Amino acid sequence: MKIVILGPANPYRGGIAALNERLGIELMKEGHDVTVFNFKLQYPGILFPGKTQYTDEKAPEGLNILRKVNSINPLNWLRVGYELKHLAADLVIVRYWLPFMGPALGTICRVLRKNRHTKVICIADNIIPHEKRPGDRLFTQYFTKGVDGYIAMSHEVYADIEKLVAHPLRRFTPHPVYDHYGEIIPRGEALEALHLDPAYRYLLFFGFIRDYKGLDWLLQAMADVRLKDRQIRLIVAGEFYADSEPYLKLIREQGLEDKVVLHTDYIPNEQINRYFCAADMIVQPYKTATQSGVTQVGYHFNKAMLVTDVGGLGEIIADRRSGYVVKPEVSAIADAIVDFYDGERQADFEKETMKLKEQFSWGRMTSGIMELYNSISIQ
């Protein structure tokens with residue numbers, strides 16, 4: 001089949017771009033002709049919360065990535081839509097993660113579908129956003145009018161789709177394991193590369209720092225009297241996409257300066273394995289969530305994981321077998337960390353993680369996409 005992936009890819013960075021690239025490679029392995037219609041302007045600088053939208057890393061070899069879409073130019077949306085209409089791909093896979101993208105992606109999809117050949121499948125990261133803004137529902141409803149079917153990577157998103165789309169064609173396909181972030185390396189080698197003291201044990205909070213991800217809860221848990229005097233440190237690895245001062249103030253107020261290691265620049269792909277291999281457990285203390293790519297990086301590195309029971313996070317962790325699914329409360333997070341170390345559970349959890357990750361294959365996602373494709377009839 002001729003397939004177009006409509007969404008961010010290299011030189012843009014982040015988990016959405018990474019999934020698009022890895023999905024494209026998987027589809028090519030299966031014999032499809034794949035092109036990525038990427039953004040040439042994704043976010044206007046004034047709307048982007050981080051330092052840069054771009055990566056210096058090379059694009060995946062062999063994947064055709066074309067920079068086409070301007071998210072704020074309606075004339076561009078029409079041009080790209082007409083180009084895709086005439087290209088007449090069998091399938092366009094469009095990523096949807098933010099209502100801001102609704103007008104651009106919705107217009108492109110509405111136009112291209114006029115060829116009465118191309119089917120449009122949305123991989124929905126979020127339908128109802130974590131951080132709500134005026135116009136969210138309107139923009140998303142506009143987008144959905146250009147879509148034939150949906151892939152949801154969590155049961156929460158699967159349910160959310162029906163709140164905005166009457167009788168949707170949809171499939172649940174869990175987020176595949178991110179298996180392209182380097183090899184598993186020995187703990188000692190990882191700690192040496194990060195200049196960390198091997199006398200300490202390490203927890204990891206990884207990814208862009210936004211308020212809904214609950215880093216403040218994790219910092220308060222690290223100040224728990226049962227943890228404060230132990231040889232346990234928290235690595236915070238990822239760029240601030242929120243105001244950093246409340247977090248730095250919390251570290252000072254709780255006396256955690258020696259307990260928290262801040263690596264708050266963007267982490268290049270080739271360094272990610274160091275952080276995961278240095279850590280005993282990955283902690284995601286989210287306040288709201290759908291699914292998380294961080295969990296799937298953790299699976300690749302066979303790590304124990306602690307998640308809060310919000311959104312779809314708890315769906316893919318076996319509570320007290322491969323990690324912890326806890327109430328979204330500071331005390332529950334602290335209780336799980338104490339239990340993890342007191343019970344010496346790391347080895348057993350990692351063995352279970354190795355078994356569970358087999359169900360999160362890329363082949364399962366592509367099979368779900370093809371099954372959905374075959375169920376769509378062009379009107």
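Rule-based calculations on the coordinates, nothing more; no lab input. All of these numbers come straight from a predicted model, not from anything done at the bench. Because the Cβ atoms are built from the backbone with ideal geometry, glycine has one as well, and the counts that use them run over all protein chains shown.
Things to note:
- Paramagnetic reach from residue 90 (point 7 Å along Cα→Cβ, amide N under 17 Å) across the range 5-40: 5-6, 24-36
- Cα centroid separation - the range 298-356 against the range 232-290, whole Å: 17 Å
- Percent of Cα-Cα distances greater than 32 Å, calculated over the chain: 33 percent
- Fewest-first sequence of 197, 179, 319 by Cβ atoms within 10 Å of each Cβ: 197, 319, 179
- Gain upon complete extension [residue 243, residue 265; 0.36 nm per residue less C-alpha separation]: 6.5 nm
- Assuming charge only on the beta carbon of Lys and Arg (+1) and of Asp and Glu (-1), the dipole of the chain about its Cα centre is about 1640 debye to the nearest 20.
- Between the residues 338, 128, 299, the greatest Cα displacement towards the positive end of the dipole of the chain, with unit charges on the Cβ of Lys, Arg, Asp and Glu, is found for 128.
- Here the label points at residue 254 and residue 83, each 7 Å from Cα along the C-beta direction, are separated by 4.8 nm in the simple model.
- Full extension of the segment from residue 319 to residue 180, taken as 0.36 nm per residue of separation minus the current Cα-Cα distance, would add 47.4 nm.
- Label sites at residue 133 and residue 346, each approximated as a point 7 angstrom past Cα along Cα to Cβ, lie 4.1 nm apart.
- Out-of-range pairs (alpha-carbon distance over 22 Å; input 58/132; 213/351; 119/145; 68/132; 303/355; 40/145): 58/132; 213/351; 68/132; 40/145
- Using only alpha-carbon positions in the range 187-359, the gyration tensor eigenvalues give semi-axes of 21, 18, 17 Å once each is multiplied by 5 and square-rooted (largest first).
- Close amide H partners of residue 324, meaning residues 5 or more places away or on another chain with modelled amide H under 5 Å apart, are 305, 306, 307.
- Convex hull of alpha carbon positions in the range 1-151: directionally averaged projected area 8.6 nm².
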